[in-house]
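Undergrad: Pasting a structure below so you can have a look.
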Amino acid sequence: MRNIFLFIRRYFNFILFLLLQGFSIYLIVHYSRYHKAVFSKTANQLTGKVNEQYNKVTYYFQLKKTNDSLVAANEKLYNKLKADFELPDTSSNFLVDSIKVDSMEQFRKYHYFPAKVVYNSVAAQNNFIVLGRGSSQNIKEGMGIIDPNSGVVGIVTEVSTDYAVVMGLLHKDSHLSGKLLKTGETGTLSWDGKTPNIVSLNGIPKGTKVAKGDTIISSGYSTSIPKGMMMGIVQDIRVDKGTTNYIINFKTSANFYNLEFVYAIDNKQAESIKQVLEKEKEKEKTQ
Amino acid sequence: MNTFVKNIIRFALFILVQHFVLDKIHLHQMVTPYIYFLFILWLPFRMGRTQQMIFAFILGFTLDSFRNNPGFHASACVLIAYIRPFLINLLIPQEGADNNYEEPSFKSMGGILPYMIFIGVLTFIHHGWLFLLEAWQFGNIWYFLVKTLLSTLLSLFLIIITEMLFTRQQKFRTNTV
């Protein structure tokens with residue numbers, strides 16, 4: 001017994017070193033697997049405040065670009081207005097809806113919330129984006145995030161009361177599914193950690209007709225991001241030697257260097273889809 | 001100024017400068033300079049190794065929580081804090097000379113060369129370990145080596161500039177051990 005104590009006293013520093021290293025590596029592994037950590041709620045709240053103060057300053061330098069992108073988004077929306085279209089057919093009756101309650105609301109699937117980007121990075125190998133909007137402002141885990149011109153940014157992985165952390169496309173654990181607009185083949189996105197704004201799409205079978213300049217959109221298979229959101233434009237196509245698939249590098253349509261405003265998408269039907277999936281899983285277990 | 005207060009101010013300044021200025025730099029989408037760990041290199045000679053490691057862990061952990069990516073910097077900081085005392089013992093000109101001054105600098109390490117080796121080795125280890133942890137799954141050895149070397153050079157350049165800009169006035173304490 002005495003020897004053990006002597007041993008611990010003699011090698012205390014080394015043991016402490018191993019403990020601290022072990023804890024750090026545990027954090028790395030644990031965090032990237034479950035995207036969650038015990039302390040993160042308070043840490044988020046604290047660092048979020050500091051980041052917000054800093055963002056107040058840098059925001060001014062980006063105002064011009066932010067304005068331009070908002071104008072572009074507005075233009076797009078104006079062009080979708082019903083008032084822009086006039087059918088030549090005049091046989092339809094003009095009806096006035098006398099019910100004041102919006103009867104469409106119960107069928108709503110997606111709800112968009114604006115959010116300001118408080119912190120953003122592209123330099124690390126695992127980049128996160130912090131939004132100045134949290135659970136008390138309707139942000140939930142698993143919400144999809146798009147930029148003002150409907151380019152996919154990422155998915156919310158963590159929420160505190162006033163801030164939310166988004167795992168963007170520029171993160172090595174981010175594996176959203178993307179789809180070729182022309183042919184409809186679906187693959188998984190991944191990022192190699194080197195060049196920001198360039199992400200690759202894997203799992204597209206060889207022989208698919210794809211060319212430089214093709215559009216990649218979101219597949220809509222997950223409950224987070226609706227179908228048809230712009231993901232990017234194909235830049236170059238390589239053949240994966242190990243498999244018979246293409247590796248398609250594309251330029252993301254969201255510019256991660258200067259994100260200022262984004263939209264969080266709440267899927268109102270996500271709950272019911274999840275319930276069905278869980279029922280199915282339980283069935284499989286009992287069988 | 002009290003050593004404790006001085007170190008708290010340093011801690012805050014290094015974290016802020018690193019996170020808000022240097023982390024935005026990304027030369028050729030590859031090279032990012034780091035100087036925040038200068039806090040660890042500048043800790044007093046007399047501080048116990050246990051304390052050094054704990055402070056290093058707190059420093060790394062703080063930067064990590066700003067980046068929402070816990071573990072990476074904490075691990076690298078603890079590693080250099082563990083190695084630091086060995087290196088000081090190797091490089092210090094004579095036995096007990098680390099009692100003459102408070103903390104490592106060009107003057108207290110006895111010249112430019114020993115101090116440069118001290119900074120250079122620790123910077124290289126810090127960067128190497130950090131990028132190794134980050135690159136766990138990417139596995140491109142050349143990319144990793146070039147990135148480590150270039151980042152080390154850029155960081156060293158910035159560290160030397162920092163040393164020149166903020167000369168630390170240190171009194172010669174005593175040579176009677």
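The values are calculated or read from the model by the stated rules, or taken from the named source; none is laboratory data. For clarity, every value in this text was computed on a predicted model and none was experimentally measured. Don't worry about glycine lacking a Cβ; one is built from the backbone with ideal geometry, like all the others, and counts go over all protein chains shown.
Undergrad: Please go through (1) in a helix (DSSP H, G or I); (2) closer than 24 Å to B:K147 by Cα; (3) not charged (D, E, K, R) for B:I35 and return the number of the only condition it doesn't satisfy.
TA: Here B:I35 clears every test but (1).
Undergrad: Still on this model: Can you name the number of the only condition in (1) of a type outside the set (S, T, N, Q); (2) in a strand (DSSP E or B); (3) within 30 Å of A:A270 (Cα to Cα) that A:Y246 fails?
TA: (3)
Undergrad: So which of A:G242, A:G228 ends up being surrounded by 12 or more Cβ atoms within 10 Å (Cβ to Cβ) and farther than 21 Å from A:K140 by Cβ? Show your work before the answer.
TA: Values: A:G242 fails: surrounded by 12 or more Cβ atoms within 10 Å (Cβ to Cβ).
Only one candidate qualifies: A:G228.
Undergrad: With respect to A:L6, determine if the residue is closer than 28 Å to A:M229 by Cα, more than 13 Å from chain B (Cβ to nearest Cβ), modelled with pLDDT of 80 or more and assigned to a helix (DSSP H, G or I). Quick ask: steps written out before the conclusion?
TA: Details: closer than 28 Å to A:M229 by Cα: no; more than 13 Å from chain B (Cβ to nearest Cβ): yes; modelled with pLDDT of 80 or more: yes; assigned to a helix (DSSP H, G or I): yes.
It is false that A:L6 is closer than 28 Å to A:M229 by Cα, more than 13 Å from chain B (Cβ to nearest Cβ), modelled with pLDDT of 80 or more and assigned to a helix (DSSP H, G or I).
Undergrad: Kindly check whether there is at least one residue in segment A:199-217 that is at pLDDT 85 or above, in contact with a strand residue (DSSP E or B) (Cβ under 8 Å, 6 or more places away or on another chain), under 18 Å from A:V166 (Cα atoms) and within 14 Å of chain B (Cβ to nearest Cβ).
TA: Within segment A:199-217 (the criterion being at pLDDT 85 or above, in contact with a strand residue (DSSP E or B) (Cβ under 8 Å, 6 or more places away or on another chain), under 18 Å from A:V166 (Cα atoms) and within 14 Å of chain B (Cβ to nearest Cβ)), the answer is yes, since at least one residue qualifies.
Undergrad: Follow-up. Looking only at segment B:63-78, which residues are outside any loop (DSSP other than H, G, I, E, B), polar (S, T, N, Q) and modelled with pLDDT under 90? Please lay out each step first, then the result.
TA: Narrowing segment B:63-78 to residues outside any loop (DSSP other than H, G, I, E, B): B:63-66, B:72-78.
Remaining after also requiring polar (S, T, N, Q): B:65, B:75.
Matches in segment B:63-78: B:S65 only.
Undergrad: Return the total of residues in segment A:129-140 being farther than 15 Å from A:Q45 by Cα and within 14 Å of chain B (Cβ to nearest Cβ).
TA: The first filter runs over segment A:129-140 and keeps only residues farther than 15 Å from A:Q45 by Cα, leaving A:138, A:140.
Okay, now just the ones that are also within 14 Å of chain B (Cβ to nearest Cβ), so none.
Qualifying residue count, segment A:129-140: 0.
Undergrad: Please go through (1) more than 14 Å from every other protein chain (Cβ to nearest Cβ); (2) within 23 Å of A:L131 (Cα to Cα); (3) not hydrophobic (A, V, I, L, M, F, W, C) for A:Y163 and return the number of the only condition it doesn't satisfy.
TA: Unmet condition: (1).
Undergrad: Ok, one more. Is at least one residue of segment B:64-79 more than 8 Å from every other protein chain (Cβ to nearest Cβ), touching a helix residue (DSSP H, G or I) at 6+ places or on another chain (Cβ under 7 Å) and more than 14 Å from A:L20 (Cβ to Cβ)?
TA: Looking through segment B:64-79, none of the residues is more than 8 Å from every other protein chain (Cβ to nearest Cβ), touching a helix residue (DSSP H, G or I) at 6+ places or on another chain (Cβ under 7 Å) and more than 14 Å from A:L20 (Cβ to Cβ).
Undergrad: Which of (1) under 16 Å from A:T47 (Cβ atoms); (2) free of Cβ contacts under 8 Å to residues at least 40 places away in the same chain; (3) polar (S, T, N, Q) is the odd one out, the single condition B:T62 does not satisfy?
TA: (2)
Undergrad: Here are A:A43, A:A37: which of them is under 20 Å from the mean Cα position of the chain (by Cα), within 10 Å of chain B (Cβ to nearest Cβ), at pLDDT below 80 and closer than 30 Å to A:F23 by Cβ?
TA: On the way: A:A43 fails: under 20 Å from the mean Cα position of the chain (by Cα).
None of the others qualify; the one that does is A:A37.
Undergrad: Examine segment B:25-42 for a residue that is aromatic (F, W, Y), touching a helix residue (DSSP H, G or I) at 6+ places or on another chain (Cβ under 9 Å), surrounded by fewer than 19 Cβ atoms within 10 Å (Cβ to Cβ) and within 10 Å of chain A (Cβ to nearest Cβ), and state whether such a residue exists. Give the steps one after another, and end with the answer.
TA: Going residue by residue through segment B:25-42, those that are aromatic (F, W, Y) are B:34, B:36-37, B:39, B:42.
Pick out the ones that are also touching a helix residue (DSSP H, G or I) at 6+ places or on another chain (Cβ under 9 Å) and you get B:34, B:36-37, B:39, B:42.
When the remaining residues are screened for being surrounded by fewer than 19 Cβ atoms within 10 Å (Cβ to Cβ), the result is B:42.
Now restrict to residues that are within 10 Å of chain A (Cβ to nearest Cβ): none.
No: segment B:25-42 contains no residue that is aromatic (F, W, Y), touching a helix residue (DSSP H, G or I) at 6+ places or on another chain (Cβ under 9 Å), surrounded by fewer than 19 Cβ atoms within 10 Å (Cβ to Cβ) and within 10 Å of chain A (Cβ to nearest Cβ).
Undergrad: Quick check on segment A:154-203: of everything there that is without any contact (Cβ under 8 Å) to a residue 40 or more places away in the chain and among the charged types (D, E, K, R), which residue is nearest to B:L27 (Cα to Cα)?
TA: Top of the filtered list is A:K194.
Undergrad: Examine segment B:108-117 for a residue that is in contact with a Ser or Thr (Cβ under 8 Å, 6 or more places away or on another chain), without any contact (Cβ under 8 Å) to a residue 40 or more places away in the chain and hydroxyl-bearing (S, T, Y), and state whether such a residue exists. Before you say what the answer is, go through the steps one by one.
TA: Pass one, segment B:108-117, residues in contact with a Ser or Thr (Cβ under 8 Å, 6 or more places away or on another chain): B:115.
This time we only want the ones that are without any contact (Cβ under 8 Å) to a residue 40 or more places away in the chain, so: B:115.
Now narrow it down to the ones that are hydroxyl-bearing (S, T, Y): B:115.
The answer is yes, given that some residue of segment B:108-117 is in contact with a Ser or Thr (Cβ under 8 Å, 6 or more places away or on another chain), without any contact (Cβ under 8 Å) to a residue 40 or more places away in the chain and hydroxyl-bearing (S, T, Y).
Undergrad: If you don't mind, there's one more thing I want to ask. Taking B:H19 and the conditions (1) within 8 Å of another protein chain (Cβ to nearest Cβ); (2) part of a helix (DSSP H, G or I); (3) under 30 Å from A:T157 (Cβ atoms); (4) not aliphatic (A, V, I, L, M), which numbered condition does it fall short on, given that it satisfies the others?
TA: Failed condition: (1).
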